[in-house]
Every structure is written in structure tokens, then in C-alpha cells.
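Read-outs throughout are calculated quantities, based only on the coordinates presented, and are distinct from any laboratory measurement. The structure presented is a predicted model; accordingly, all values stated were derived computationally and were not measured. Neighbour counts are summed over all protein chains in view; Cβ atoms, including those assigned to glycine, are modelled from backbone coordinates with ideal geometry.
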């Protein structure tokens with residue numbers, strides 16, 4: 001199949017849409033989400049009850065790790081609300097996202113939605129996808145080539161080895177970015193409500209920990225809690241696109257291929273679905289962002305068969321295989337900087 005033939009088949013997605021609609025997979029799943037929200041909120045409340053019950057003890061290190069997991073599960077609900085998966089009403093979905101994000105987890109819902117929507121529009125597209133923007137890690141050869149400082153080159157050189165350790169800081173990074181967005185982005189919708197709920201979260205979180213724990217134990221609790229939260233969040237998102245093809249900005253790929261070719265699914269059963277918050281169906285999620293999480297498994301069979309019929313590469317691997325692929329990609333990008341002979345990068 002020629003490149004021209006691929007670029008001229010922009011209507012392929014409509015056929016898949018008809019199949020998905022006929023299967024009623026875009027209909028809201030209120031009962032499922034009601035149970036999911038109640039159970040998640042119940043475990044979240046139980047976690048904080050355990051925190052108070054354990055008191056000023058080093059056993060709080062266990063509670064901190066558990067709360068890191070529960071924070072991520074709450075964040076998954078905020079993700080679903082941000083994609084309008086739970087209710088038909090945008091206001092109700094936004095309420096779920098704001099309560100989960102700003103109040104319970106301490107992440108700005110408005111900032112995250114804006115950033116995440118840009119990622120969905122142009123996944124793995126250079127200069128358009130904020131998730132592969134130049135930062136701590138280099139996700140493209142162009143970004144590696146731009147590293148001139150000693151620290152930046154060191155980070156790129158060994159980024160595969162540093163990837164998981166640095167993910168423990170991702171939770172704090174998200175909190176800091178949220179604060180910055182709430183302060184500077186004045187035109188953001190719900191900004192005042194978000195600031196209020198974020199302040200309540202921060203006051204309750206810091207105040208509650210200091211009321212129960214001694215200063216040293218409080219610092220250890222926060223370090224473990226935020227470390228597990230960041231690591232879990234990063235491990236949930238890393239398998240989805242890292243190590244998949246990247247494309248230049250303004251690529252002419254049609255929507256179907258733009259989403260499928262840059263996304264990777266993770267195989268598994270119900271436990272994988274729970275562990276990754278449905279993000280293991282990344283291909284289906286990118287094609288139909290507002291599809292309720294419990295419908296993604298059924299959609300997968302239709303999407304996979306449709307891609308096969310249209311000769312579109314559909315990538316699926318195991319959980320550990322997805323991490324290996326991501327790390328190999330990061331390691332390969334840093335290879336020129338590990339060479340004894342300097343390599344001249346060609347930077348666009």
C-alpha cells in the first residue's frame with residue numbers, strides 16, 4: 001500500500017464508528033460507574049481511617065503506600081470524568097473530575113484536561129503532543145540532539161535507567177504544575193472553584209498528617225505516599241505510547257491511523273483492567289475517548305478485527321513487555337551520547 005493511498009483513506013474511521021454505535025458501546029454505564037465510585041470512595045475513606053487509627057507509628061509507611069495506590073485509583077475516576085465517560089451532562093462529568101482531582105488528589109482538573117486533550121489530538125507528534133515534549137526525558141532524537149549541558153546529556157545518556165526512579169517524583173511534579181496553572185491561567189473555567197477545593201485538599205492533607213505524626217514520620221509518610229502515587233501513575237501511562245512511532249508536527253495521517261499507530265494495548269484480564277484503570281485499552285480509548293471504561297474490552301474485539309481488515313498495525317503486548325519496549329526506546333535514543341565517538345545530530 002502506497003503512502004498516498006494511506007493518506008487518502010480518511011473515511012475509514014466512519015465504518016468503525018458505525019460498528020461501535022450499532023453495538024451500543026458509547027452508551028453511558030451509570031450503574032457500573034455508581035458501583036465503581038462508591039467502592040473507590042469507600043476504600044479511600046477507609047485508608048484515611050486507617051491512617052488515624054494507626055497513629056504516630058512507623059506502620060504508617062504501609063498506610064502511605066496503600067494511599068498512593070488509592071490516590072491513583074481516584075485519579076482514574078477523574079480521568080473518566082474529564083473524557084465525559086460517566087454522565088451525559090458535561091457539568092456532571094466535570095464535577096466528578098474536579099472533586100476527584102482538585103479535592104481528593106490535589107491535581108488541577110482544568111489544567112490536566114487542556115494538556116490531555118492536546119495529547120489525544122496529536123499523540124506522539126513532535127511539538128504537538130505535550131506528553132513527549134522536551135523535559136527531563138528525551139523522547140525523540142531531535143530532543144537528544146538539543147541537549148548541550150552536562151546534566152542534560154547525562155540524563156539523556158542514562159534515561160532508561162533513570163526512568164522508573166524519577167517516576168517517584170511525578171506526583172510532586174503534577175502538584176507543582178497544578179499550582180502554577182491555577183495561579184497563572186486566569187481565564188480557566190472553574191478556576192475559583194478549583195482554587196478553593198485545592199486549598200481545602202492541601203490544608204487537610206498537610207494539617208492532618210502533622211496532627212497525627214511527628215515531623216520526621218510526617219516527612220517519611222509524604223515521601224512514600226507521593227513516591228508510590230507518582231510511580232503508579234507513571235507506570236499506568238508509560239505503556240501506552242512510549243516506544244511507539246513518533247511523527248513530525250502537522251503529519252497528514254488520517255485520524256484512525258494517527259491514533260492506532262501511536263498507541264499500544266496491554267493484554268490481561270479483569271485485574272489488569274483494574275490496575276491500569278482501563279488505560280490498557282489505549283487504542284480503543286484514543287479512538288473513542290468518551291467511551292465508558294467498562295465498554296472498552298468489548299470494543300477491542302471490533303477494533304482489532306477492523307484494523308486487521310484494513311491492514312493497520314494493531315500493537316498489543318503484555319504489561320512487562322510494554323515496559324521493556326519503552327525502556328529500549330529510551331535507551332536507544334541515548335546511545336549516541338554513550339558512544340566514545342561523538343555523533344553529530346541533525347536537528348530539525
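Details
- Calculated FRET efficiency for the pair residue 184/residue 18, C-beta based, R₀ 56 Å, to 0.05: 0.80
- Computed over segment 158-207, Kirkwood Rh from alpha-carbon pairs, angstrom: 12.7 Å
- Contact order normalised by residue count of segment 11-151, Cα under 8 Å, 6+ apart, percent: 14 percent
- Distance between the 7 Å Cα→Cβ label points at residue 50 and residue 324: 3.3 nm.
- Available extension along the chain between residue 290 and residue 27 is 93.7 nm, counting 0.36 nm per residue and deducting the alpha carbon span.
- Simple spin-label estimate for residue 216 and residue 339 gives 5.1 nm between the two label positions (7 Å along the Cα-to-Cβ direction from each Cα).
- In range of the label at residue 196: residues from segment 143-181 whose backbone nitrogen is under 19 Å from the point 7 Å along Cα→Cβ: 179
- Relative contact order [Cα under 8 Å, 6+ residues apart], segment 3-338, whole percent: 26 percent
- Rg over Rh, two decimals, segment 79-188 (C-alpha only, Kirkwood Rh): 1.04
- Highest-fluctuation residue, 53, 187, 156 considered, GNM on the chain with Cα pairs under 10 Å: 187
- For the pair residue 272 and residue 62, label points projected 7 Å from Cα toward Cβ lie 3.1 nm apart.
- Kirkwood hydrodynamic radius (C-alpha pairs) into Stokes-Einstein, segment 186-282, 20 °C and 1.002 mPa s, D in µm²/s: 123 µm²/s
- FRET efficiency for the pair residue 88 and residue 151, taken as 1/(1 + (r/R0)^6) with r the Cβ-Cβ distance and R0 = 35 Å, rounds to 0.10.
- Ascending count of other beta-carbon atoms within 10 Å, so fewest first, for 284, 126, 316, 27: 27, 316, 126, 284
- Square roots of five times the Cα gyration tensor eigenvalues for the chain, Å: 34, 28, 18
- Per-residue ellipticity at 222 nm, computed for the chain from helices alone with -39500 (n - 2.57) per DSSP H run of at least four residues, works out to -20500 deg cm²/dmol.
- Rg and Dmax, both from the Cα atoms of segment 198-348 and both in Å, are 20.5, 62.
- Along each principal axis, Cα extent of segment 96-155, largest first, Å: 42, 25, 10
- When only Cα pairs below 8 angstrom with a gap of at least 6 residues are kept, segment 189-334 shows a relative contact order of 25 percent.
- Theoretical FRET efficiency, 1/(1+(r/R0)^6), r = Cβ-Cβ of residue 308 and residue 114, R0 51 Å, to 0.05: 0.90
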